[in-house]
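See structure below.
The values are calculated or read from the model by the stated rules, or taken from the named source; none is laboratory data. All of these numbers come straight from a predicted model, not from anything done at the bench. Because the Cβ atoms are built from the backbone with ideal geometry, glycine has one as well, and the counts that use them run over all protein chains shown. These accessible areas exclude ligands, DNA and RNA; they are computed on the full protein's heavy atoms, side chains included. Shrake-Rupley method; radii C 1.70, N 1.55, O 1.52, S 1.80 Å.
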Amino acid sequence: MRVTGAGTLEVPRSVLADTVLARLTAAYAAAADPKRAATAQAYLKDVAPFLGIPTPERRALSRTVLEGTPRPDETDCTAVALRCWRLPEREYHYFAVDYLRRHVGRCSSGFLPVARHLVTTVSWWDTVDALAAHVVGGLVAADPLLTADMDAWIVDDDLWVARTALLHQLRYKERTDTQRLFAYCLRQSGHPDFFIRKAIGWCLREYAKTDPEAVRAFLARERGRFAPLSMREALKNIGA
């Protein structure tokens with residue numbers, strides 16, 4: 001894999017990706033529903049066109065597409081994800097996210113640039129959040145050296161990269177690096193964008209399921225640093 005042009009990733013050769021994409025585009029195109037597509041596109045603020053396939057049907061089609069295919073290696077995962085992301089319709093991006101969630105354990109720390117590319121391309125919460133919690137989070141859990149990358153991501157000018165850093169520990173529970181979680185929240189506490197403020201509240205609320213007293217004490221100590229939205233989300237299940 002090489003970076004080419006303005007941040008574009010070259011798609012590696014993969015026979016498995018050839019098979020999957022051929023099956024996928026045929027199956028999804030046959031199930032397209034223009035009326036549903038227009039509704040979905042409007043709901044997601046026109047971030048991308050849609051085929052109009054409801055999630056349960058889409059996932060059933062995906063299972064059919066993948067039937068009999070072998071487990072991928074990292075090259076296959078890269079090729080499938082990047083080729084799906086080059087297709088305009090959002091359902092192909094969802095397929096790639098689901099595929100990576102299932103096979104992130106097959107990928108090394110070297111996959112992180114691919115994950116970043118997906119986070120920063122056609123960016124919106126519907127793909128970024130799953131990539132953050134299930135793909136980036138999985139990569140960092142497998143290779144703690146990637147925490148240095150998360151330390152860089154949290155101060156990135158791209159709000160979706162910073163949101164990913166905030167959310168990457170979302171599923172860690174007792175394995176959460178609490179000091180880093182709280183530091184990230186403080187680092188972005190003054191951010192003006194809704195999606196960062198919401199992510200701060202969300203990651204704190206999720207960690208509160210594991211250690212409510214730690215979150216409550218942190219917010220009591222730093223209450224004046226956070227927007228009302230962040231506080232409301234963080235305390236939703238544990239109170240003030």
Can you tell me the 0 to 90 degree angle between the C-alpha axis of helix 212-222 and the longest principal axis of the chain, rounded to 10?
70
For region 50-74 versus region 177-227, the gap between their alpha-carbon centres in whole angstrom:
36
Grab the other residues whose beta carbon is less than 9 angstrom from that of GLY138, score K and R as +1, D and E as -1, and report the net.
+2
Over the chain, with neighbouring protein chains present, the accessible area per residue in Å² at probe 1.4 Å is 48
Under 5 Å from the placed amide H of LEU9, counting only residues 5+ away or on other chains, we find THR4
Quick shape check on region 16-79: root eigenvalues a ≥ b ≥ c of the Cα gyration tensor, a/c under 1.5 is rounded, otherwise prolate if a/b tops b/c, else oblate, and it reads prolate
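I want the local charge near VAL11. Using Cβ-Cβ distances under 10 Å, sum +1 for each Lys or Arg and -1 for each Asp or Glu among the other residues.
Working: positive: ARG13, ARG83, ARG86; negative: GLU10.
Here the count lands on +2.
Please report the relative contact order for the chain, taking Cα pairs under 8 Å with a sequence separation of at least 6, and give it as a percent rounded to a whole number. Before the final figure, lay out the partial values.
Working: 303 pairs, mean separation 30.8, N = 240.
Relative contact order, the chain: 13 percent.
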Neighbours of GLY105 by Cβ distance under 11 Å: Lys/Arg at +1, Asp/Glu at -1, summed charge +3
Can you bin every Cα-Cα distance in the chain into 5 Å intervals starting at zero and give me the percent of pairs per bin, rounded to whole numbers?
1, 6, 14, 16, 17, 15, 13, 9, 6, 2, 1, 0
Theoretical ellipticity at 222 nm over the chain - DSSP helices of four or more residues, -39500 (n - 2.57) apiece, nearest 500:
-17500 deg cm²/dmol
For region 27-32, 3J(HN,Hα) per residue [Karplus equation, 6.51 cos²θ - 1.76 cosθ + 1.60, θ = phi - 60°, Hz, x = Gly/Pro]:
5, 5, 4, 5, 9, 4
Can you compute 3J(HN,Hα) from phi for each residue in region 69-83, using the Karplus curve 6.51 cos²θ - 1.76 cosθ + 1.60 with θ = phi - 60°, rounded to whole Hz and x for Gly and Pro?
7, x, 5, x, 9, 5, 4, 4, 4, 4, 5, 4, 5, 5, 5
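Taking only the Cα atoms of region 133-193, how large is their convex hull per residue, in Å³? Could you put the intermediate results ahead of the total?
Numbers: hull volume 4.6 nm³, N = 61.
That works out to 75 Å³ per residue.
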Amide H within-cut-off set for ALA32, under 5 Å, with H built and near neighbours excluded:
none
Table column - 3J(HN,Hα) (Hz), region 103-117, Karplus curve with 6.51, -1.76, 1.60, x for Gly and Pro:
10, 4, x, 8, 10, 8, 4, x, 7, 4, x, 5, 4, 5, 4
Surface share of carbon and sulfur [accessible, 1.4 angstrom probe, percent] for the chain
52
Along the charge dipole of the chain, pointing to its positive end and built from +1/-1 on Cβ of Lys, Arg, Asp and Glu, which listed residue (HIS117, ALA199, VAL97) has its Cα farthest out?
ALA199
Could you quote the convex hull projected area for region 30-136, Cα atoms only and averaged over all directions, in nm²?
6.5
Which peptide among 33-46, 141-154 comes first, and what is the full order, when sorted by highest mean count of other Cβ atoms within 10 Å?
141-154, 33-46
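Quick one: compute the contact order of region 33-83, relative version, from alpha carbon pairs under 8 angstrom and 6+ residues apart, as a percent.
Working: 23 pairs, mean separation 13.7, N = 51.
It rounds to 27 percent for region 33-83.
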